[in-house]
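See below for the structure under consideration.
The values are calculated or read from the model by the stated rules, or taken from the named source; none is laboratory data. As the structure is a prediction and not an experimental result, all values here were calculated from the model. FYI the Cβ positions are ideal-geometry reconstructions off the backbone, even for glycines, and counts take in every protein chain you see.
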Amino acid sequence: MNILVTGGAGYIGSHTAVELLEDGYEIVLLDNFSNSKPEVVNRIKSITGKDFKSYKVDLLDKQRLEKVFEENPIDAVIHFAGFKAVGESVANPIKYYKNNVVGTLILCETMNRYNVKKMVFSSSATVYGMNNTSPLTEDMPLSTNNPYGSTKMMIEMILNDLSYSDRDWRLSILRYFNPIGAHESGLIGEDPNGEPNNLMPYITQVAVGIRDKLTIFGNDYPTHDGTGVRDYIHVVDLAKGHAKALKKILEKQGTDVFNLGTGIGYSVMELIRYFEEANEINIPVTLSGRRPGDVAVCYADPDKAARILDWRAEKDIYDMCRDSWRWQSKNPEGYK
Ligand code: NAD
Ligand code: UD1
């Protein structure tokens, strides 16, 4: 089985590539390295001891994408490639719609041409918007409040229409909650460009001394300690969820959507405390107002993935904190 992994050098793609190789799949990795480094490919090979082809290709480049399909008998695609910074998407929406939506359309068109009709897609809990109450279930109404989120919602609609128009398409849409952690080897992990937007990479950069202190965005939310609550999930559990979703579409017809989360919510203060405890490091903090667009509480009902995909997150918050720190401390400047 040959699986094309778009965005395979990215944070979640690289961990999924490792899982797939360890499960015995062959992979073809595609990335334009706009938000990752080619070194990731060597790290995946050194963790797994397996070789695979990798292409520096942009999804928007039809000709070069087609060449990848021409040169490799692809059975299914796991599609991670896309931009993901919420703030940047507000400042530059065209960049986001073009890369995420047009990139996915070109990919689907090419897949159709080569009769490859199985895809696992990276969606996000952001599609649940501001108006649903956690635990979030897959059947809740969707809405978004930024262009990044809108690209995910639009792509979900496109994929649903595609599977309705042609029942040969098998699609697994995965809505991730908040991936953190890293492979236990400490060889691959999250390597954000510039100042991190997300909480855990900010914490680890404070811990390693790149930043002075963490700013907590709001302590007046209606939560037990006033700080925002999220469903943090270990990236290796998330990667295993992709392997389960892939298995499902390889074996059975149909298109479906799944939450990939733990079902447990931790506040910002709690995550900081667990990180400090797990790693015996003090994280200096300061308080500021709420970040625009943030919800108070967001966590998954992960039951559907458990029932249908036979997948459940296994790693706990200490594993997440320890593995995030192992990656950061072994690679203080990321892949540089
Ligand atoms: P990432 O930026 O680390 O990985 C994405 C990869 O795609 C990068 O390596 C980038 O270089 C590549 N890429 C981007 N545009 C491309 C293009 N046009 N052609 C080829 N390659 C391209 O991000 P990630 O955290 O690994 O996220 C993977 C996917 O999951 C993204 O679609 C993201 O929106 C989605 N997602 C991520 C999170 C999260 O918190 N990390 C949460 C929900 C959903
Ligand atoms: C962010 C994105 C969301 C995306 C998700 C997963 C925004 C507005 N939303 O959500 O679209 O799907 O990541 O990638 O960017 N926090 C701090 N200080 C910090 C950073 C974060 O207090 O320096 C707080 C936030 O207010 C929030 C929690 O930590 O309460 C988690 O934040 P973050 O890691 O950015 O994830 P999300 O807000 O869930």
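Structure data summary
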{"item": "Any hit, the stretch 258-272, residues being without any contact (Cβ under 8 Å) to a residue 24 or more places away in the chain and of a type in the set (A, V, I, L, M, F, W, C)", "result": "no"}
{"item": "Residue in the stretch 251-266 that is over 26 Å from Ala207 (Cα atoms), surrounded by 17 or more Cβ atoms within 10 Å (Cβ to Cβ) and more than 19 Å from the chain's Cα centre (by Cα) present", "result": "yes"}
{"item": "Residue, surrounded by the most Cβ atoms within 10 Å (Cβ to Cβ), within the stretch 295-326, restricted to residues that are among the β-branched types (Val, Ile, Thr) and assigned to a helix (DSSP H, G or I)", "result": "Ile317"}
{"item": "Some residue of the stretch 158-173 being within 14 Å of ligand 2 (Cβ to nearest atom), surrounded by 15 or more Cβ atoms within 10 Å (Cβ to Cβ) and at pLDDT 95 or above", "result": "no"}
{"item": "Leading residue by the ranking (surrounded by the most Cβ atoms within 10 Å (Cβ to Cβ)) among those in the stretch 181-203 that are of a type in the set (S, T, N, Q) and within 12 Å of ligand 1 (Cβ to nearest atom)", "result": "Asn198"}
{"item": "Yes/no for Ala278 being under 21 Å from the mean Cα position of the chain (by Cα), assigned to a helix (DSSP H, G or I) and over 21 Å from Met153 (Cβ atoms)", "result": "no"}
{"item": "Selection within the stretch 43-74 - within 21 Å of Gly334 (Cβ to Cβ), within 14 Å of ligand 1 (Cβ to nearest atom) and without any contact (Cβ under 8 Å) to a residue 40 or more places away in the chain", "result": "Lys56"}
{"item": "From Leu214, Leu238, Leu246, residue being closer than 18 Å to Tyr266 by Cβ and within 16 Å of ligand 1 (Cβ to nearest atom)", "result": "Leu238"}
{"item": "Top-ranked residue of the stretch 21-37 - restricted to ones that are among the charged types (D, E, K, R) and within 12 Å of ligand 1 (Cβ to nearest atom), ranked as surrounded by the most Cβ atoms within 10 Å (Cβ to Cβ)", "result": "Asp31"}
{"item": "Count of residues meeting criterion [among the charged types (D, E, K, R) and within 16 Å of ligand 1 (Cβ to nearest atom)] in the stretch 271-297", "result": "2"}
{"item": "Asn35 being out of contact with any strand residue (DSSP E or B) (no Cβ under 7 Å at 6 or more places or on another chain), within 19 Å of Ile188 (Cα to Cα), outside any helix (DSSP H, G or I) and modelled with pLDDT of 95 or more", "result": "yes"}
{"item": "Among residues of the stretch 271-282, those that are under 25 Å from Ala85 (Cβ atoms) and either surrounded by fewer than 18 Cβ atoms within 10 Å (Cβ to Cβ) or touching a Cys at 6+ places or on another chain (Cβ under 7 Å) (or both), counted", "result": "1"}
{"item": "Filter result (among the aromatic types (Phe, Trp, Tyr) and more than 16 Å from ligand 2 (Cβ to nearest atom)) within the stretch 107-130", "result": "Tyr114"}
{"item": "Verdict on Val40 being at pLDDT 95 or above and touching a strand residue (DSSP E or B) at 6+ places or on another chain (Cβ under 6 Å)", "result": "no"}
{"item": "Among the candidates Val77, Val5, Val18, Val40, residue that is within 15 Å of ligand 1 (Cβ to nearest atom), in a strand (DSSP E or B), touching a residue at least 60 places away in the same chain (Cβ under 8 Å) and within 22 Å of Glu184 (Cα to Cα)", "result": "Val5"}
